[in-house]
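The values are calculated or read from the model by the stated rules, or taken from the named source; none is laboratory data. Only a predicted model underlies this, so the values are computations on that prediction, with no experimental measurement involved. Cβ placement follows ideal geometry from the backbone for every residue including glycine, while neighbour counts extend to all protein chains displayed.
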Amino acid sequence: MSIPRRLGRLARGFVLNINDDRLRATVRVGRERGETLKDALGAAWRGAAEEWRSATEERASEEENQASAGRARERWSEARWTASSPRYTPRQYPPHVLAAYNRLGLGAGSSLDEANRKRRELVKRYHPDRFAEPEQRVRAERLTAEINAAHDIIERHLLRK
C-alpha cells in the first residue's frame, strides 16, 4: 500500500474519532471537490482522445486520397526509370548502435568526424579531474567510461562498412 494511501487512512481515522461538525463538513467538501475534479479530468481526457481519433481518421483519409492520385503519377514515372535503377532503402542500425548515438546526443547516421567531435566535447565536460568531490568524481568517471564506450561502438560500426 502506498504511503499517501496510508496517510489518508490514518487521517480519516483521526477525523472519524473527532465529533466536530465543521471539520467533517470541510472534509466532505474537499472530497466532493476532488471527485468533481476527477470527473472533469476524465471528461477532458475522453474529449482529447476523441479529437485525436478523428484527426487520425482525417489524416488517413487524406493520405489515401493522395495515394490514389499519386498512383497515376507513379505509373508514368516508373515507365521512365529502367529496372536497373537502385531503389532507396533506409539504413537499418542495430539497437546497440542507436543507443550509442543517443548516448552521445547524435542522430543515427552521423559521420565519424561528428562522433569524434561530440566525444571530445563531452569528455572535456565530464572529465574526472574537473571535480574535487569524491561523489562527483565517481559519477564523472562513470559518464566518461559510457561516452568512450558509445564512441567505440559507433566507430566499430562505421569502420566495419
- request: Go through (1) assigned to a helix (DSSP H, G or I); (2) small (G, A, S); (3) under 30 Å from I147 (Cβ atoms); (4) at pLDDT below 90 one by one and return the number of the condition A108 breaks.
  value: (1)
task: Would you confirm whether any residue within the stretch 113-124 is part of a loop (DSSP other than H, G, I, E, B) and exposed (fewer than 15 other Cβ atoms within 10 Å of the Cβ)?
output: no
query: What tally of residues in the stretch 128-161 results from selecting those that are exposed (fewer than 11 other Cβ atoms within 10 Å of the Cβ) and of a type in the set (K, R)?
result: 2
